[in-house]
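Written out below as structure tokens is the structure these notes cover.
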Amino acid sequence: MPEKQQTEESPTRQQRAEEKPRRRQARGERRIAQLLEAAASVFCQCGYTAASTNAIAREAGVSPGTLYQFFPNKEAIAVGLSDQLLEHWAQSHGRALTPENIGLPLDRMLDAVLDPLIAFNVENPAFAVLMHGPDTPGPIAEEIGTLHDTLLARVDEVIATRLPDLASDERARTANMTLHLFKAGLTLIMSHEGAERDAYIAELKTVMHRYLEPILEVGQPACR
């Protein structure tokens, strides 16, 4: 009896064979995301050094053996999490430092630039643990250095856009001070919650406005 003709709706043997690896890949990606989310929670609770792969597996609801199928050790998990967070940070950074925001009046520019950057840190507390902790693994420390240099260069460009005639050494000093003011204020913001956190956000904007206004609005350096 002749074999029935394959209909369009019925998958071929090859299609079925191709579908299995895709399903396995999707399951693997979901498992990795689950483990990274668990790691973020454990790192925030314990810090990087005190965290363990057993604690991360327990938080994820899987066995340690399952964890080791995807990550060989704790450092690999931290590096995977930092890569994910740095990608999200780059997206926030891109949304904040747009040409449209840079051209706004100073008070509105600070709102437009700082709000998404602060929101990212508040929504991802593991970022501060891994990026600024005293026990950051070496590969992540290198990424932090690159992130700092990139952000510093971008702030320098913002100042140059608004004040093209400002001397390069004054511009570099202003950019460096601006970035360090932000980092110091962010530390206070992250250590508080609720209304007190909102108050520190307002304080940070006030400090940065008072520092930058004489430079960006008048065109004179605030410190000599």
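The values are calculated or read from the model by the stated rules, or taken from the named source; none is laboratory data. Everything numeric in this text was worked out from a predicted model, so none of it was measured. Cβ atoms come from the backbone with ideal geometry, glycine included; neighbour counts cover every protein chain shown.
Yes/no per residue for (1) loosely packed, with under 13 Cβ neighbours inside 10 Å; (2) more than 17 Å from Pro137 (Cβ to Cβ):
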| site | (1), (2) |
| --- | --- |
| Thr49 | yes, no |
| Ala60 | no, yes |
| Phe71 | no, no |
| Leu81 | no, no |
| Gln84 | no, no |
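Filtered by the rule that a residue be in a helix (DSSP H, G or I) and either surrounded by fewer than 18 Cβ atoms within 10 Å (Cβ to Cβ) or touching a residue at least 12 places away in the same chain (Cβ under 8 Å) (or both), segment 105-114 gives Leu106, Asp107, Arg108, Leu110, Asp111, Ala112, Val113, Leu114.
Where helices (runs of 4 or more DSSP H) fall entirely within segment 117-221, those with at least 1 residues that are within 26 Å of Gly80 (Cβ to Cβ), among the aromatic types (Phe, Trp, Tyr) and within 18 Å of the chain's Cα centre (by Cα) are at 125-132.
If you go through segment 125-133 one residue at a time, do you hit one that is assigned by TED's automatic domain parsing to the domain that holds Leu216, under 26 Å from Glu217 (Cα atoms) and modelled with pLDDT of 85 or more? No, segment 125-133 has no match at all. Only helices (runs of 4 or more DSSP H) whose full extent lies in segment 43-104 are considered here, and the ones with at least 1 residues that are within 17 Å of Gly133 (Cβ to Cβ) and more than 19 Å from the chain's Cα centre (by Cα) are 53-60, 74-96. In the set Gly103, Gly80, only one residue is in the same structural domain as Ala153 (by TED's automatic domain parsing) and within 30 Å of Arg210 (Cα to Cα); that residue is Gly103. Leu117 - would you say it is crowded, with 16+ Cβ neighbours inside 10 Å, under 17 Å from Ala51 (Cα atoms) and touching a residue at least 12 places away in the same chain (Cβ under 8 Å)? So Leu117 fails the test.
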